[in-house]
1. Quick check, is F143 of a type in the set (F, W, Y), in contact with a Lys or Arg (Cβ under 9 Å, 6 or more places away or on another chain), farther than 30 Å from M271 by Cα and part of a loop (DSSP other than H, G, I, E, B)?
2. Applying the selection to the stretch 262-286, what residues are not in a helix (DSSP H, G or I) and not hydrophobic (A, V, I, L, M, F, W, C)?
3. Consider only pairs whose beta carbons are under 8 Å apart and that are at least six residues apart or on different chains; among these, list those whose first residue lies in the stretch 280-292 and is free of Cβ contacts under 8 Å to residues at least 40 places away in the same chain and surrounded by 12 or more Cβ atoms within 10 Å (Cβ to Cβ) and whose second residue is of a type in the set (V, I, T) and part of a helix (DSSP H, G or I).
4. In the stretch 216-233, what residues are among the basic types (K, R) and either assigned to a helix (DSSP H, G or I) or surrounded by fewer than 17 Cβ atoms within 10 Å (Cβ to Cβ) (or both)?
5. Just name the residue that is farthest from L285 (Cα to Cα) out of those in the stretch 229-263 that are touching a residue at least 60 places away in the same chain (Cβ under 8 Å) and charged (D, E, K, R).
6. Is it true that F62 is open to solvent by 20 Å² or more (accessible area, probe 1.4 Å), aromatic (F, W, Y) and assigned to a loop (DSSP other than H, G, I, E, B)?
7. Would you be able to say whether some residue in the stretch 76-95 is at pLDDT below 70, open to solvent by less than 20 Å² (accessible area, probe 1.4 Å), not in a helix (DSSP H, G or I) and not aromatic (F, W, Y)?
Amino acid sequence: MNINFAMWRKASWQLIKMDDKKEWDALDVVSKWLIATRSAVTLVTVYSCVIAGILAARDGHFSWLPFLIVTFGLFIAHGTNNILNDYTDFTRGVDNDNYFRTQYGVHPLVQKFWDTSTSLRWFTVSGALATLAGVYALFYTNFSATTIGLFAFGAVVLLAYTYPFKYWGLGEFAIFLIWGPIMIAGVYFVLTDLWNWNVVIAGIPFGLSVASINIAKHIDKHDDDKAKGVGTFPVRVGQAAARRVDQAAIALIYVVIAYLVFVPRYFTPAMLIVFLAYKEALMVLKVLNNPRPAQPPEGWPVWPVWFSGFAFQHNRRFGGFLILGLIVDALLRTFLPQFWPGLF
C-alpha cells in the first residue's frame with residue numbers, strides 16, 4: 001500500500017465516487033479517511049478556523065501551536081460526525097435501497113468496503129484524536145467555563161445531529177450555529193481568552209453559507225427523507241418554504257457583512273470584496289426559485305445533487321473572498337488604522 005498524495009488532494013477538494021472494493025483496499029489510511037468522511041465538505045471546518053485565526057491575529061492574539069491543534073481537532077471531529085452519521089443511518093436502515101446519500105459518494109458500509117465494527121473503530125480513533133485536541137484547548141485556557149461550555153455543546157451536537165436533531169428539523173440550525181458563530185467565536189476565544197460579540201456576529205455569514213449547503217442538500221433529498229421518515233427542515237416545512245429560507249440565508253450573508261462594515265465599523269470596506277461572489281450567489285438564488293428538476297439536465301455531472309451543488313460552489317467562492325478580505329482588512333487595521341475611522 002503506497003501513500004497516495006494525489007488522492008489526498010483530490011479527496012480534500014471534491015467528493016469521490018468509487019465502486020471497486022479492490023481500488024478501495026489499495027488506498028492508504030489517510031485517503032480512506034478523507035473519502036469516507038467526505039473531506040471536500042469537512043473543509044468548511046478549516047475555513048471557520050482560519051477566519052477565527054485571522055480575527056485573533058488582527059487583534060494581536062495569535063499562536064501557531066494552539067491554532068493548528070484546535071483546527072486539526074475540529075476537522076477530525078467533523079469527520080468523526082460524518083462517520084457516525086453514516087453508521088447511524090445505515091443501522092437504522094435509512095441508507096439502504098439506493099438512498100440519496102449512496103448515489104453521490106462513497107458509503108463504506110452500504111458498499112461493503114468495511115463492516116460496522118470497522119466503522120466503530122474508525123469513529124473511536126477519530127473521536128479520541130478530536131477529544132485530545134479539545135482537552136488541549138481546556139488546558140490552554142485553564143479550564144475556562146466558556147471553553148468547557150463550547151466543548152460540551154460541540155460534543156452534544158456531534159453525537160445528536162444525525163439522531164435526533166436531523167429528525168426534528170433542527171439539524172440545519174445546529175450546523176449554522178456550529179460552523180458559524182460558535183466555532184469562529186470559540187476558536188477566537190481559545191486564542192485570545194476573550195469573548196467578543198462582534199466576532200460572534202462576524203461568524204454569522206460563513207455559518208449561513210454552510211447551512212445553506214445543508215438546507216439545499218436536504219431539499220435535494222426531500223422525497224427520499226420523507227419516505228424514510230427523516231424529518232429534516234425541508235420535510236417539516238415543505239420544499240417551497242425551505243427554498244425561500246435558503247434564499248433568505250444567502251441574502252443575509254451579505255447584509256451582515258455590510259452591517260459590520262458600516263454600522264459598528266468592525267471591518268474596513270476591504271471586506272466588501274466578498275460581493276465578488278455575486279455571480280454564484282445570484283445563481284443559487286435563481287435556481288432556488290424553481291423546484292428541483294425531475295431529471296438531471298444534459299451533462300450535469302453530480303446527480304442527484306442539484307441545489308446543494310450550486311450552494312457548495314457559492315460557499316467555496318464566498319469563503320475564499322471572505323478569507324482574502326479578512327487578510328486585507330487585518331493589514332489595513334494594523335498599518336493604516338486611520339483609513340477607516342471608528343475601528344476598534
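1. no
2. Selection gives P264, R265, Y266, T268.
3. Listed pairs, sorted by first residue: A281/I250; A281/I253; L285/I250.
4. Here is the first cut: in the stretch 216-233, the residues among the basic types (K, R) are 217, 221, 226, 228.
Residues satisfying the conditions are K217, K226, K228.
5. Applying the filter and picking the extreme gives R236.
6. yes
7. Within the stretch 76-95, one or more residues are at pLDDT below 70, open to solvent by less than 20 Å² (accessible area, probe 1.4 Å), not in a helix (DSSP H, G or I) and not aromatic (F, W, Y).
Per-residue answers, yes or no, for (1) under 23 Å from V245 (Cα atoms); (2) buried (at least 18 other Cβ atoms within 10 Å of the Cβ); (3) modelled with pLDDT of 90 or more:
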site: L129; (1), (2), (3): no, no, yes
site: Y136; (1), (2), (3): no, no, yes
site: T141; (1), (2), (3): no, yes, yes
site: F153; (1), (2), (3): no, no, no
site: T162; (1), (2), (3): yes, yes, no
site: W179; (1), (2), (3): yes, yes, yes
site: W195; (1), (2), (3): no, no, yes
site: G207; (1), (2), (3): yes, yes, yes
site: I213; (1), (2), (3): yes, yes, yes
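The values are calculated or read from the model by the stated rules, or taken from the named source; none is laboratory data. Please read these numbers as outputs of a predicted model, since none were measured by experiment. So basically every Cβ, Gly included, is an ideal-geometry build from the backbone, and we count neighbours across all protein chains shown. In case anyone asks, the SASA skips ligands and DNA or RNA and just uses the protein heavy atoms, side chains included. Shrake-Rupley method; radii C 1.70, N 1.55, O 1.52, S 1.80 Å.
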